[in-house]
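The values are calculated or read from the model by the stated rules, or taken from the named source; none is laboratory data. Only a predicted model underlies this, so the values are computations on that prediction, with no experimental measurement involved. Cβ: placed from backbone, ideal geometry, glycine included. Neighbour counts: every protein chain shown. Areas reflect the complete protein model, heavy atoms only, side chains present, ligands, DNA and RNA absent. Shrake-Rupley method; radii C 1.70, N 1.55, O 1.52, S 1.80 Å.
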Amino acid sequence: MLRYVYGSELHNHSRLAKTMFRDRADQFQTRLGWDVLVDENGAERDRYDALNPLYVIWEQPDGSHGGSMRFLPTTGSVMVNDHFGDLISGPIKSPHIWECTRFCLSRSAGSHVAAALMLGGGEIMRGFGVRHFVGVFDARMVRIYRMIGASPEVLGSQGQGRDAIAVGLWSFGDDVQTRVAEKAGISPDQSRQWFNHAFGAKGQGEWAQTG
């Protein structure tokens, strides 16, 4: 199932959080060779995890992490402006644009998990009045985005082949939701039910910044 958890609430989901940060270390350091910080417990975190982001997490039946994404409003500190400004024409700052980072899939995740996470991202858009997501992605993600039916508009890129990175801008209309829901094997009603379970029918219009 999809979980929506603020950073300040991760302590209430200890197994989910522990396995998420360990899977991030496995993906970004071990498999991709990124220069990321991994602590003595094998967990990968960066300074954006301390800004009380909203995580969308696919929870496996045993309560462990299957995949996740991290969201922050671009009105505050975000990776795309802090580290990848040379790929865009100017800082992206809008209450209607949030940044999505740390797209992570565990080794045991099924093929539907990537689409399920994107479906969750669409629920955030609809529930919080967000028009676009922005994010930096590498060449390997192009195939995944195409597979799940949610490719971004490319705002800028650098590098060639497997070394290429780009800044993308996503929207999420009804047609995209239909495609992604089919790829995930999750009905839009079920997806909305998980979102409402996290936030309720009310209180979906403001960023619940508590940290």
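Within region 141-161, if we keep just the residues that are touching a residue at least 24 places away in the same chain (Cβ under 8 Å) and either loosely packed, with under 15 Cβ neighbours inside 10 Å or among the β-branched types (Val, Ile, Thr) (or both), the residue that is nearest to HIS112 (Cα to Cα) turns out to be ILE148. For region 114-140, the candidate set comprises residues that are touching a helix residue (DSSP H, G or I) at 6+ places or on another chain (Cβ under 7 Å) and more than 16 Å from SER171 (Cβ to Cβ); within that set, the residue that is surrounded by the most Cβ atoms within 10 Å (Cβ to Cβ) is ALA116. Counting the residues of region 162-196 that are of a type in the set (S, T, N, Q), surrounded by fewer than 14 Cβ atoms within 10 Å (Cβ to Cβ) and in contact (Cβ under 8 Å) with a residue 40 or more places away in the chain gives 0. Within region 18-50, the set of residues being open to solvent by less than 60 Å² (accessible area, probe 1.4 Å), closer than 26 Å to PHE195 by Cα and in contact (Cβ under 8 Å) with a residue 60 or more places away in the chain comprises THR19, MET20, ASP23, ARG24. For region 79-102, a tally of residues being in a loop (DSSP other than H, G, I, E, B) and touching a helix residue (DSSP H, G or I) at 6+ places or on another chain (Cβ under 8 Å) returns 4. Consider region 124-160 and keep the residues that are among the β-branched types (Val, Ile, Thr) and under 16 Å from the mean Cα position of the chain (by Cα). The one that is nearest to PRO91 (Cα to Cα) is VAL134.
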